[in-house]
Amino acid sequence: MSKLLIILVVIIGTVIGAAAIGILLRHLLMPILRGIVNTIQFIGRLVIELICDAIAAIWHLFVAVLLLPAIIGCLLFGRWESVGRMVRGLGGRFRRTGRRVAGLVTRPAGVPPELRRTPGRTLGHRRRSGEFPGWRLIGELQAGGSGARLLIAEPADGAPDGAPDRVVIKCFDLSGGSPLGQMIRESRALDGAKKLGLVIEHDHDETRFWYVMPFIPGTHLAQTTTAMHTNGGQLSEAAIARSVGWCRDLLAALGEYHDAGFWHKDVKPENIIINDTGAHLVDFGLVTPLQSAMTLTTHGTEYFRDPELVRQALRGSKVSEVDGARFDLYSAGAVLYYIVEGTFPAHGNLSRFDIESGDAIRWVIRRAMADYHKRYATSAEMLADVAFLAASRNPRLVRPADLPSVSSAPVQNAASPKPSVGDVCRRPRIEVSDWWSGRYRVRDAVPGAPRLQPDAFEAARRARDSRRLIRDERRQRRSAARRSSFGGLAAFCVGLLVLGFIWVVVLETEEVWFHEPVAMSTQPLPDGQGQVLIVNNHPRRLDAHAAVRTALEERGWQPMEDVDAEARLRRDFPFDDGLQTEVDEASKRAAHAVLSTHAFAAAAIVQASSDDPNAVQVLLLTGDEATLYDLEVLAKAAGSIQSTP
Amino acid sequence: MHQLTTSFVRRLRDRDEAAWFELWQVFGPILRGQLMKWGNGRLGMETVRDLSQETLAALSKSIERFDPTRGVRFSTWLLAIARHAMSDEIDRRMALKRGAGKRPIHLQEDWMGGLGNAVDADYEQRIFEAKVAAAIRRAESSSDFMSFEVYRMRVLDGRSGKDVAVQLGVSQPTISRHLQQARGELRTRLTEIVATWSFTPEEMAEAELAGLSGDDTLFDEALAEIWHRAASMDSEC
């Protein structure tokens, strides 16, 4: 019974002990280790960045020096314009050098990687806050054609609840030259954008008007497409599949706009951001209600804007008299053409295809860019075709006959189910959801339009949501795996090297600065190994020389005196105060080198004791070893040896 | 002179913006190509676009003076206006650069004066191809989508009837029917466009000389050839 109890106690104790160790490892040691690794990585990154800055600073200085003779030469020849250009260039070099040197001293916190990849410039360490209440500026994007500045910011004190980590502030400034007409137009579009949830907040003061949107990191489609077509040849299957996927995302976004009763009006590659979650439609500066009573304008981008829109605008048609959603679909077709062909559709629907993308994709493009009455009636219809292509294993092999819009209903029957251009549409039915604020929702966004295909939209939305989830999971995984990534490993190695270097330097310094004390031996002298150089360094006891010689001879050494060797030893070995109780490794090596050169096995340095200036000590240097002997002890030892028969 | 021609000129004089837009669509690319050619690769795309717009603005000012009954080609007249627009631009640039130590850009020799009033064969050929392209565009707009796609795949892309039938999931007789419809529409639109944009008997006869008045096979062959030539020239520009 007692044995069982003991076994039970041992088992429970083992389990508790193991659990305690596990908890200790998990909650105490792991954070400490992680902290150490992070610190080493930080040091590594810092060193790498500093080295880069130093190299850049040196390079800029080098170029500046190279430019100087050229400037002088141009001055001599009277080429003032060239001189001015070079001086401006030189000024730029110096500014850059100054920034680099400043960076060497004050290394700013790392700019977020997604911000680095975004075209534009970052404010770096010049982060500003207060310019826009509730937001701290961290960067700036390339401005578009609207005359507004696009600033990247992060939430600060006073930011609205639930604000994303990073936002874009589009700011129109009258004093900065922003056109008033554009400001008014965008402020009109703001209402629609807020309904679509694309604007977080907006504000204005005497000269400025700005609004805040979520920041979507990534590159715009024009850049991505250019990169995709760099080799100039045919596109791979993966590239085609990616292109179709982006078009599907674009159509899903357009569907949301159209459902809410708006059209984007400026769908073009520069307004589509591509990242690992797909394609995102941005810039709603021209967003217009489908049933607006305003006159249609020709705003938009050439080659991506439907020529029919221009014709209708020139005729003075109202927005409500046309179906703006179809103009968006034309642009979506043009964008798909741009992706697969790598160039804009110069001849509209008659543009030639040079890249082998498959009949079905061409069919979709031509159907989207077809005449106003013959193109897809709704974004849902086009989305169904594109989603079908995206779901297929190889979009190139899909026949036009397999597309949902062709197989389910003949194209000629599906054409123009909507009121024709020029016919006045009836106003949409609206339902007021909040009488106090005046909020309403459009019940019938496009009067007379066929019912949307909810399945396709739902599928696209579900796909988007799942992609968002996957993106979040990836982010978490990345943040967890960042330490084990190559960059982290490299930074870790560099940090380790730096620490190792510091360690070696400290050790070396210790070796140089702190001499090892020479051990005092109570043993008799070692047996003779050959010639020994005697150096008398005792200022008071000249008689000690003979005593030491005797002691050495008795142990089998051959005491010798050599002026040259003594002089070199005095030069290389420290003899400053005549008292040598601490010898460093370098001095030992130097002494050994001198003795080897003059064929001495050892050197016996006669010197005074640190305690008693009249006492005599012998510092015996043999090879790399130094030993201190007391002359009295040596004498006694010699006596005992003599007394021994 | 065809009634369509005179009515179109009247629309232009009446400042009908749709007519001007149509003119821009038909002649704009040719004009840009010609300006690029004169520029000898030294003019940027933006400059060419500005110059073509200035040409159109000058044309709108002087359209009152254009008399279609005098037998002058509209395209030749347009070319003369473009030449003057180019001349003004060069003068302006020279004035800007004078004293700046920069050499003026070198343009193709025949950009001014060399041509006189003679007809540039290459330019006129492109004008004719632009008219055919406009007819195709108009036919594409007015005909049934499926019919035109069948015609495009079968004739312009040179696919076999069987292949087109398989791709579109229809029978070959259906393909033939669509082809007939699209071809009929194309013939109508071509006649219309040629009548609208032809000011001389030579221009009226251009379509016939190009083989566009023959039977169906000849018509298809001629149209496809002109279409491909125009597309390749556009891509070169």
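Nothing in this text is a laboratory measurement; each read-out follows from the coordinates by a stated rule. Since this is a predicted model, take the numbers as computed values, not measurements. Methodologically, a virtual Cβ is constructed for each residue, glycine included, from the backbone with ideal geometry; neighbour enumeration extends over all protein chains shown.
The figures follow:
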item	result
Net lengthening on full extension, A:ILE72/A:THR39 (0.36 nm per residue, minus Cα-Cα)	6.9 nm
Inter-label distance, nm, simple model (7 Å from Cα along the C-beta direction), A:MET294/B:ASP216	5.1 nm
Mean shadow area of the stretch A:131-217, taken as a quarter of the surface of its Cα convex hull (nm²)	5.6 nm²
Hull shadow area, averaged, the stretch B:114-211 [alpha-carbon convex hull, nm²]	7.2 nm²
Size of electric dipole in the stretch B:174-237: Cβ of Lys, Arg +1 and of Asp, Glu -1, about Cα centre, debye, nearest 20	320 debye
Nearest-0.05 FRET efficiency for B:HIS228 and B:GLN180, computed from C-beta distance (R0 22 Å)	0.50
Gyration tensor (alpha-carbon) shape descriptor, the stretch B:37-81, a/c threshold 1.5	oblate
Full-stretch length increase - A:ARG88, A:GLN558 - with 0.36 nm per residue and alpha-carbon distance subtracted	161.2 nm
Integer Hz, Karplus 6.51/-1.76/1.60 couplings in order for the stretch A:584-592, x for Gly and Pro	8, 5, 5, 5, 4, 5, 5, 5, 5
Separation in nanometres of the label points that stand 7 Å from Cα toward Cβ, at A:ARG26 and B:MET94	8.7 nm
Rounded to whole Hz, the Karplus (6.51, -1.76, 1.60) HN-Hα couplings of the stretch B:138-147, x for glycine and proline	5, 5, 4, 6, 8, 8, 5, 4, 5, 4
Spin-label zone in the stretch A:46-66 - amide nitrogen under 18 Å from a point set 7 Å from the Cα of A:PHE501 along the C-beta vector	A:46-58
Inter-site label distance for A:ILE6 and B:ARG70 at 7 Å from Cα along Cβ, in nm	12.8 nm
Förster radius 45 Å - calculated FRET efficiency between A:ALA401 and A:ASP161 (Cβ-Cβ, nearest 0.05)	0.30
Sequence ranges A:131-141, A:28-38, ranked by mean other-Cβ count within 10 angstrom, highest first	A:131-141, A:28-38
Paramagnetic reach from A:ASP630 (point 7 Å along Cα→Cβ, amide N under 13 Å) across the stretch A:518-554	A:520-524
Positive-end extreme of charge dipole, the stretch A:219-376 - chosen from A:ILE272, A:LEU250, A:GLY333 (charges on Cβ)	A:GLY333
